[in-house]
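The values are calculated or read from the model by the stated rules, or taken from the named source; none is laboratory data. Note that this is a predicted model, so its numbers are computed, not measured. Here the Cβ is made from the backbone with ideal geometry for all residues, glycine too, and neighbour counts use every protein chain on show. Each accessible area value is taken on the protein alone, full model and side chains, heavy atoms only, with ligands, DNA and RNA left out. Shrake-Rupley method; radii C 1.70, N 1.55, O 1.52, S 1.80 Å.
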Amino acid sequence: MYHLRPLAGVPEKIDLPTCMYRIKPLNGIQTASLSESIVPVKRVKMDPQLQAIEDRQLEVIARLRQLRDKVNDMITKSGGVKAAQSKTLNKTPVKCASKSNSSVSSRPSTCVSSVLVDATLPSEVVIEANPCRPPLSLLFFRTLNPQVRTISHVHSSCNANVDEKLIALFTRETSGSTVRVIWKDIKGTRLTPLALGNFGAEGEANVARFLSRVLAKPDSVLNYDALSPEDLVLVDGVLESSELVDTAPEHFINALQAYLQQRGSSSGVANRTIADYVGYSTLRYLTKLKSKQSLQKSLVDWMNSLTNEVPALC
Amino acid sequence: MMVTEEPTTAQEAQEAGGAPSKKALKKAAKEADKAAKKEASQASRQPQDNANEPDISEGSYGERPLNQSQDKTVRKVEKVSDLGVSNATQTVWIRARLHTSRAKGKQCFVVLRQGRSTIQGIIAVGENTSKQMLKFVTNIPKESIVDVRGLVQTVPKPIESCTQSDVELICQEFWVVSLAEPRLPLQIDDASRPTPEDGDEDALSIRVNQDTRLDNRILDLRTPANQAIYRIEAGVCKLFREALEKKNFVEIHTPKIISAASEGGANVFTVSYFKTSAFLAQSPQLYKQMAIASDFDRVYTVGSVFRAEDSNTHRHLTEFVGLDLEMAFDTHYHEVVDTIGATFTEIFRGLRDLYADEISAVNKQYPASPFAFLDPPLRLEFPQAVEMLREAGVEIGDEDDLSTPSEKLLGRLVKAKYDTDFFILDKYPLVVRPFYTMPDPSNSKYSNSYDMFMRGEEILSGAQRIHDPKLLSERAKHHGVDLEKIKSYIDAFKYGCPPHAGGGIGLERVTMLYLGLDNIRKTSMFPRDPKRLTP
């Protein structure tokens, strides 16, 4: 509105301060001025050992990039096969969520590290379990991949003898990835895929979620990540209540019945979800504690049909 | 330290040059009065002590004459560990060491120790116990061996300081069988004290160092932890024998004086042998293999092994007890690996189940996590171990041997993933194994050899041995071994020998690692190392 003349004459070029207090850089990098700091930094007396570590880190990062590219390449190559498989699976009444569906990524994650999600089974994983409550769901997952080798060990914390039949049930000699089942005096089931870090899964439900991700085909209803949001609510209901079966068995039975009713006539071998496997394992445990007679006939029939899927369980 | 009489207050004042003050004089008078009273009190007691009043306990206490087996009387002597509430109101005889004694007025509390068990005893002046007896018991030096007859009595409150906490012994007879010197080079209580936990400032810090312990091993071995350690060690040996006997192994005894060094000649003790020299055996391996070549099929031996290694580490001894085994197999050396693994499992299980009290006694002084193991044992292959180490950031080549820190780290990684303190590492690179190791037929880089680890430390090194003299000569040549020097070894296989494998463990090292101890000298009763030849 008004054009005012400056009150004082300011020179065109003035060195304004760039910070309140000037201190010597801690990292040994000298910056003469602000403008120089933008250009590549000059290193003053870089420790050769530090330099070697930095070089090694860069090398590791480069190798990781290569590895990532390789994995991506493999996924792209196997994409065609998966698409063909998904066509057949889409005929099943249980809706499969698409991989691109944002709901998949927004699901509550389990304890399993995101590093392992969408990966294949590591060369060796350890599952610690209590012989009083064997994770029978593992046997069903094992049928999905004939290359999975299972070895049973009894941990020294188990003072009582572990049933030989149980050890035999969880032992299969092949030449693929190894799942070591360690029978231990432990409260629940625990999975340890790596020696380092805190990756792992606690509870049979979470172990099953992990196994479903690494053993079931990505678009299969058996893959936890492939379930539609509606099915996921039912499946999670069974999985979560199975973990609390000791304190609230009725809650588990109700959740299982709700799940089975919802699926109705769609129940069949090709249409199993991890809720079937974990539910079966939990129900077997429950019927060992309580009488099987109190169960509804539909539940008994469902149990028998699952038992027939793994002959060793009969 | 010089002991001088302290000057009185009046003397002090006089020495200072001035006349004693009123206050000083009053104080001096008070002291003189006190001294006179004390003298009077002593004088009044003297006649009582010296009086020839009858000793009502005479014949119930004293020093026993030297036992030369002059008597052959039979009496029932109870074990301290067996005494409990069920023995209440019984009169028993026990033979034990006087652990501690504490006189208080007309009674004296003693703690009697037998092995790891302790019981409290009371001597109280009364109808049947004289003052003379009380005085005698009070003056017995600690660690003396005594025979005590007493009445077992239950106690209202548990006695925390004794293992037999619910009973005590009312002593009626107290006899010294063997007197100990009054001054002990170390106190058993000090030698038994656990290392205080960090932050526990109230705990006593008096400890006995390793050398003092070893110099006075007779006393040191009396601590509850040591009593337990050597019983556990005996258990390892017993369980090893039992496990192998069940598997039809034959115990053999191999010579310890040998004419040639058994493992290449280095680290060997030379001894004078009449007009020539001989060596102390570093390993019974050759003799075990000769027994296999002589159709003994499965053999084991328990005996001393000597290593002239100038290693002053926590895990090396120059003499130790070797538990070695060798076994002919049918088709694959894994038959032997599985047998050794199963033997270890039986030893560990046996210790866990049969020596729980001893293990807990050791843990009281040397706390450690319980030894975790798997049945069947975990068996990993060398490349898997290399992979695990690389994941942890260790730079290691495919055919590099594992360094001691790498072994320790691997032990920790295995423990984290598999929760086991024992594992087998199979398929070592051929280049890091001795010339007699059978190469892996499917991969020439590796060999049919294995190491076994406890808490991250190698305890057994074994392999399928080459039983073919031609291949053995080739491999020896490849390793630059002089064939002349090992001629007798190669000749042992000339007349046919079944395929076989084996290994050996050190008894002291196994015991140390099972108990989680930090030094092998704690599990060797009279250790031999480069700096110690006595006791």
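Things to note:
- Cut-off 9 Å between beta-carbons: net charge of the residues surrounding B:His99, Lys and Arg +1, Asp and Glu -1: +1
- Chain B: angle of helix B:224-246 to the longest principal axis, Cα-based, in degrees nearest 10: 30
- The trypsin sites (Lys or Arg not before Pro) found in the range B:263-315 that occupy coil by DSSP, while having at most 14 further C-beta atoms within 10 Å, are B:Lys275.
- Kirkwood's formula applied to the C-alpha pairs of the range B:52-210 gives a hydrodynamic radius of 17.0 angstrom.
- Kirkwood hydrodynamic radius (C-alpha pairs) into Stokes-Einstein, the range B:294-414, 25 °C and 0.890 mPa s, D in µm²/s: 136
- Counting only DSSP H runs of at least 4 residues, each contributing -39500 (n - 2.57), and dividing by the residue count of chain B, the helix-based mean residue ellipticity at 222 nm comes to -10000 deg cm²/dmol.
- Interface residues, the range A:148-183 - accessible area loss of 40 Å² or more versus chain alone, probe 1.4 Å: A:His153, A:Val154, A:His155, A:Ser156, A:Arg180
- Compactness check for the range A:156-313: Cα Rg over 2.2 N^0.38 Å is 1.08.
- Relative to the longest principal axis of the Cα atoms of chain B, the long axis of helix B:334-354 makes an angle of roughly 10 degrees.
- Within the range B:487-535, the percentage of alpha carbon pairs spaced more than 12 angstrom apart rounds to 74%.
- Residues in the range B:90-213 average 53 Å² of solvent-accessible surface per residue, probe 1.4 Å, ligands and nucleic acids excluded.
- Burial of 50 Å² or greater, the range B:382-431 residues [accessible area, probe 1.4 Å, versus chain by itself]: B:Lys417, B:Tyr418, B:Asp419
- Interatomic Cα distance distribution for the range B:49-90, bins of 5 angstrom, percent: 5, 11, 13, 16, 16, 17, 12, 8, 2
- Environment charge at B:Ser447 (Cβ cut-off 9 Å; Lys +1, Arg +1, Asp -1, Glu -1): +2
- Using the Karplus relation 6.51 cos²θ - 1.76 cosθ + 1.60 with θ = phi - 60°, the per-residue 3J(HN,Hα) values for the range B:402-417 come to 7, 7, 4, x, 5, 4, 4, 5, 4, x, 5, 5, 5, 5, 5, 8 Hz, with x marking Gly and Pro.
- Given B:Lys79/B:Lys142; B:Lys427/B:Lys485; B:Lys445/B:Lys477; B:Lys238/B:Lys487, the pairs whose alpha carbons are separated by over 25 Å: B:Lys427/B:Lys485; B:Lys238/B:Lys487
- B versus A: buried accessible surface, summed, Å² (probe 1.4 Å, to nearest 100): 1600
- On the principal axes of its alpha-carbon atoms, the range B:153-223 has extents of 40, 36, 17 Å, going from largest to smallest.
- Mean sequence separation of contacting Cα pairs (under 8 Å, at least six apart), scaled by the length of chain B, corresponds to a relative contact order of 11 percent.
- For B:Val268, residues with placed amide H under 5 Å, excluding near neighbours: B:Ala308
- FRET efficiency estimate (nearest 0.05) - Cβ-Cβ, B:Lys30 to B:Ala124, R0 56 angstrom: 0.95
- The portion of the accessible surface of chain B made up by carbon and sulfur, rounded to a whole percent, is 51 (1.4 Å probe; DNA, RNA and ligands excluded).
- Listed values for the range B:488-495 are Karplus-derived 3J(HN,Hα) couplings in whole Hz (6.51 cos²θ - 1.76 cosθ + 1.60, θ = phi - 60°), namely 5, 5, 5, 4, 4, 9, 5, 9, and x replaces Gly and Pro.
- Cα-based radius of gyration of the range B:362-417 once divided by 2.2 N^0.38 Å, which approximates compact folds: 1.37
- Using θ = phi - 60° in the Karplus curve 6.51 cos²θ - 1.76 cosθ + 1.60, the 3J(HN,Hα) couplings for the range B:279-289 round to 10, 8, 4, 8, 6, x, 4, 4, 6, 5, 5 Hz; x is entered for Gly and Pro.
- Taking amide hydrogens as placed 1.01 Å from N in the peptide plane, the amide H of B:Ser144 sits under 5 Å from those of B:Leu98, B:Ala180, each at least 5 positions away in sequence or on another chain.
- Near A:Arg63: Cβ cut-off under 12 Å, other residues only, Lys/Arg at +1 and Asp/Glu at -1. The net charge is +3.
- Debye, to nearest 20: dipole size of chain B, +1 on Lys, Arg Cβ, -1 on Asp, Glu Cβ: 1700
- Cα-based equivalent ellipsoid, the range B:346-504: semi-axes from gyration tensor eigenvalues, Å: 34, 21, 13
- Alpha-carbon geometry of the range A:190-242: the Rg and the Dmax are 12.0, 36 Å, given in that order.
- Element breakdown for the range A:158-314 at a 1.4 angstrom probe: carbon and sulfur atoms account for 52% of the accessible area.
- Exposed chymotrypsin sites (Phe, Trp or Tyr not before Pro) absent: longest stretch of chain B, with sites in DSSP loops and at most 16 other Cβ within 10 Å deemed exposed: B:1-268
- Tail fraction, Cα-Cα pairs, chain B, threshold 47 Å, whole percent: 34
- Computed from the C-beta positions of B:Lys79 and B:Thr270 and an R0 of 51 Å, the FRET efficiency is 0.60 to the nearest 0.05.
- Rg in Å to one decimal, and Dmax rounded to a whole Å, for the range B:336-387 via C-alpha atoms: 14.3, 40
- Over all distinct Cα-Cα pairs of the range B:207-346, the Kirkwood formula returns a hydrodynamic radius of 17.5 Å.
- The range B:65-119: projected area of the alpha-carbon convex hull, averaged over directions, in nm²: 5.7
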